[in-house]
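One structure is given below, encoded as structure tokens.
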Amino acid sequence: MLTQLSVYMTDRLIGIDFGLSKVGLSISDPLKIISIPLKVIKYKKREELLSKLQEIAMENDVKSFVIGYPLNMNNKKNEMTKLVDDFFEELKNLNFNVFLQDERLSSESAKKIMHEQNIKIGKNKEYIDLIASTIILQSFLNKGSF
């Protein structure tokens, strides 16, 4: 039993709020109960982003990613959805487990949280990506479908 528990505890998840020049990252606790803000990565080329994600995954015993899936409110795909579909495939090709999580309104929820904490958005826009990634991952963890 202890062996099974220790294996379970080392496989953390990283949540991603994907953007064209930066991504917000969150990480699960070892028991996959809580999503914790991790960092924002700025990048210019997709290869640079993928390399950084591989490095972070190795450092944190991560084998799985949860990417926020940007559907329109009417459930239709848009340009960003297609880019996330491509990114999803690239991460899978690096031998990671990759899941998609509906991210509708995650950025709006992040802004609301910042407002409630009296954090001004102007100079703190990266916090939106960070909090949104945390919301995305927590929503996934709450479903327990990993």
Exercise for review: Return a yes/no flag: does the range 101-120 have any residue that is at pLDDT 85 or above, surrounded by 13 or more Cβ atoms within 10 Å (Cβ to Cβ) and in contact with a strand residue (DSSP E or B) (Cβ under 7 Å, 6 or more places away or on another chain).
Suggested key: yes
Review point. What single numbered condition from (1) in contact (Cβ under 8 Å) with a residue 60 or more places away in the chain; (2) closer than 17 Å to D129 by Cα fails to hold for L49?
Key: (1)
Study note, to complete from the structure: Among (1) modelled with pLDDT of 75 or more; (2) surrounded by fewer than 20 Cβ atoms within 10 Å (Cβ to Cβ); (3) over 18 Å from L20 (Cβ atoms), E89 falls short only on (3)
Revision key, fill the gap. Scanning the range 42-76 for residues that are part of a strand (DSSP E or B) and β-branched (V, I, T), the one surrounded by the fewest Cβ atoms within 10 Å (Cβ to Cβ) turns out to be V62
Study note, to complete from the structure: E79 vs (1) of a type in the set (D, E); (2) open to solvent by 60 Å² or more (accessible area, probe 1.4 Å); (3) closer than 19 Å to L94 by Cα: all pass except (3)
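The values are calculated or read from the model by the stated rules, or taken from the named source; none is laboratory data. Since we're looking at a predicted model, the values are computed, not measured. Glycine gets a Cβ as well: all are built from the backbone with ideal geometry, and neighbour counts include every protein chain shown. When the accessible area is computed, the model is the full protein with side chains, heavy atoms only, and any ligands, DNA or RNA have been set aside. Shrake-Rupley method; radii C 1.70, N 1.55, O 1.52, S 1.80 Å.
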